[in-house]
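**Q** Structure below; questions to follow.
The values are calculated or read from the model by the stated rules, or taken from the named source; none is laboratory data. It should be emphasised that the depicted structure is a prediction, and the values quoted were computed from it without experimental measurement. Every residue, glycine among them, receives a Cβ derived from its backbone with ideal geometry; neighbour counts consider all protein chains shown.
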Amino acid sequence: MGGHPDAEAGPRRDAALSTPEEPGAGAEDVEAAADGPALVTAGVAACAGVPVTVRLGQEVLHPSRAQYVEVARGLKEAGFDFCSDVCAVDYLRHPDRPLPAGVAPERFEVVANLLNLAQRVRVRLRVQVPESDPACPTLFYLYPGTENMEREAYDLLGVRFADHPDMTRILMPEDWEGHPLRKDYGVGRVPVQFKEAPGPR
């Protein structure tokens with residue numbers, strides 16, 4: 001991949017995705033309990049200082065866009081070597097959703113789950129992406145196979161991924177205007193036409 005620093009970053013490992021928190025999640029789902037079990041990411045240097053929450057028993061890290069790739073790289077080196085999904089979420093109607101202290105809500109989020117198959121644990125990453133600059137670094141060079149997931153996020157929600165090898169639409173026609181899964185996308189109608197429909201009787 002043209003000498004990209006992550007292109008030869010050791011054997012491929014794994015990252016996995018899961019459903020983002022529901023907008024109505026309670027405060028008990030947001031802050032990681034200080035007296036709870038040790039976090040699986042506690043020993044990963046790249047995760048130091050990154051806000052962590054726990055949702056349904058799963059650790060959720062909230063890196064900034066600048067931290068995103070380094071956190072993913074640190075987790076991969078720690079054994080999270082499978083990326084099951086990458087997606088984007090439009091929180092247009094939920095700007096006040098629960099987030100940990102120090103994380104400012106933005107309209108979009110990029111969500112990725114990293115899976116450690118040996119330990120059977122999963123970690124989710126949630127990255128805030130502003131509407132004014134809907135872009136996020138790609139994970140492709142760390143986790144080959146995520147490129148099509150990122151293309152889908154771009155196609156349907158308009159979030160671009162920097163340094164992506166093929167940032168083009170994947171579901172909609174190339175000349176399609178807009179991104180259909182955005183919450184403010186206009187819902188149109190296509191008239192139904194019946195071939196050789198009989199005339200009035």
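**Q** Of all the residues that make up the range 51-84, how many are buried (at least 17 other Cβ atoms within 10 Å of the Cβ) and either under 23 Å from GLU150 (Cα atoms) or of a type in the set (Lys, Arg) (or both)?
**A** Result for the range 51-84: 22.
**Q** Determine whether LEU125 is surrounded by fewer than 20 Cβ atoms within 10 Å (Cβ to Cβ), under 19 Å from SER84 (Cα atoms) and modelled with pLDDT of 95 or more. It would help to see each step written out before you state the result.
**A** Values: surrounded by fewer than 20 Cβ atoms within 10 Å (Cβ to Cβ): no; under 19 Å from SER84 (Cα atoms): yes; modelled with pLDDT of 95 or more: yes.
For LEU125, the condition - surrounded by fewer than 20 Cβ atoms within 10 Å (Cβ to Cβ), under 19 Å from SER84 (Cα atoms) and modelled with pLDDT of 95 or more - is not met.
**Q** Is it true that PRO100 is at pLDDT 95 or above, surrounded by fewer than 20 Cβ atoms within 10 Å (Cβ to Cβ) and under 28 Å from THR41 (Cα atoms)? Outline the logic, then answer.
**A** Working: at pLDDT 95 or above: yes; surrounded by fewer than 20 Cβ atoms within 10 Å (Cβ to Cβ): yes; under 28 Å from THR41 (Cα atoms): yes.
Yes.
**Q** Find the residue count for the range 72-105, including only residues that are more than 20 Å from VAL121 (Cα to Cα), in a loop (DSSP other than H, G, I, E, B) and touching a residue at least 24 places away in the same chain (Cβ under 8 Å). Let's see the steps before the verdict.
**A** At the first step, the residues of the range 72-105 found to be more than 20 Å from VAL121 (Cα to Cα) are 88-105.
Those still in the list that are in a loop (DSSP other than H, G, I, E, B) too: 91-105.
Adding the requirement that they be touching a residue at least 24 places away in the same chain (Cβ under 8 Å) leaves 91-94, 97-104.
So the count comes out to 12.
**Q** Report, by residue number, each residue of the range 62-120 that is touching a Lys or Arg at 6+ places or on another chain (Cβ under 8 Å), closer than 16 Å to VAL50 by Cα and of a type in the set (Gly, Ala, Ser).
**A** Of everything in the range 62-120, just one residue is touching a Lys or Arg at 6+ places or on another chain (Cβ under 8 Å), closer than 16 Å to VAL50 by Cα and of a type in the set (Gly, Ala, Ser), namely ALA112.
**Q** Looking at VAL69, VAL60, can you tell me which residue is at negative phi and part of a strand (DSSP E or B)?
**A** Working: VAL69 fails: part of a strand (DSSP E or B).
Every option except VAL60 fails the conditions.
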